[in-house]
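Input: a single structure, listed below in structure tokens.
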Amino acid sequence: MSAAMLSAASLPVGAITEKVTDQDIARAFNLANSGDAQRASFHAAYIVPIVDPLIEQLEVITEFRRFVLAAEEEIKGGNWVLGRGGYDSKGRSLKDLLRPMTGQVTVRARLRFHPLNNYYVVPPVDIFLGDPTLLPLNATRTPSYAPKSEPGSPLVILGAIVDISFNAPTIDDRVLPVRVLLDGAEVARAQVDFSRFE
């Protein structure tokens with residue numbers, strides 16, 4: 001499959017927040033608790049336009065945006081205290097829960113596979129950032145399964161979410177290529193201006 005060459009969306013000018021301050025966290029909570037339109041506008045700026053049947057969505061998750069997403073998730077689940085800056089039943093704040101991801105920027109691809117695929121495990125999908133390629137810190141690949149057609153039948157994977165995280169300082173507010181590969185073959189590419197994210 002030929003690579004789709006696309007540029008990044010027009011995004012508000014900013015700079016990647018390499019170390020989130022208490023003031024940044026307060027802003028993230030305010031944003032997570034704001035109206036639907038304001039939150040949708042914020043998140044839309046982090047979506048990278050790309051046209052490929054494999055890729056449902058390609059997005060960037062900075063440390064600041066990770067706080068917004070996590071607070072939104074807590075609020076959606078009814079945990080208003082944690083979603084507004086409080087503590088959980090074990091005395092942990094959202095900052096405590098997100099500490100393992102400190103200083104990381106994640107490139108996330110939401111994938112949808114052809115409905116006639118026979119994947120029973122997530123196929124080898126990779127996201128490369130930079131040229132030369134930056135070293136990733138960690139990767140997760142979470143499958144999305146189709147309902148079983150009959151009892152005892154194997155689970156077929158309809159899609160997956162692939163998260164590849166990088167050390168924020170190595171990105172350094174540059175324009176970098178993001179490449180998505182399936183089975184070692186490049187299926188899509190985009191130029192992403194990381195200086196426009198916070």
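The values are calculated or read from the model by the stated rules, or taken from the named source; none is laboratory data. Keep in mind that this is a model prediction, so the values were computed, not measured. Cβ placement follows ideal geometry from the backbone for every residue including glycine, while neighbour counts extend to all protein chains displayed.
Quick notes on this structure:
- Segment 64-83: number of residues that are among the charged types (D, E, K, R) and either in contact with a Lys or Arg (Cβ under 8 Å, 6 or more places away or on another chain) or not in a helix (DSSP H, G or I) (or both): 1
- Residue match in segment 80-102 (condition: closer than 15 Å to VAL162 by Cβ and in contact with a Ser or Thr (Cβ under 6 Å, 6 or more places away or on another chain)): no
- Yes/no for PRO132 being touching a strand residue (DSSP E or B) at 6+ places or on another chain (Cβ under 9 Å), more than 16 Å from ALA190 (Cβ to Cβ) and surrounded by fewer than 17 Cβ atoms within 10 Å (Cβ to Cβ): no
- Within the option set ALA70, ALA109, being modelled with pLDDT of 95 or more, crowded, with 18+ Cβ neighbours inside 10 Å and either of a type in the set (Asp, Glu) or closer than 22 Å to ALA26 by Cβ (or both) holds for one residue only, ALA70.
- Matching residues in segment 154-181 - criterion: being farther than 28 Å from PRO100 by Cβ and either assigned to a strand (DSSP E or B) or of a type in the set (Val, Ile, Thr) (or both): VAL156, LEU158, VAL175
- For segment 40-93, the candidate set comprises residues that are polar (S, T, N, Q) and touching a helix residue (DSSP H, G or I) at 6+ places or on another chain (Cβ under 8 Å); within that set, the residue that is farthest from VAL192 (Cα to Cα) is SER93.
- Single match in ALA190, ALA168, ALA160 (criterion: among the small types (Gly, Ala, Ser), without any contact (Cβ under 8 Å) to a residue 60 or more places away in the chain and either buried (at least 16 other Cβ atoms within 10 Å of the Cβ) or at negative phi (or both)): ALA160
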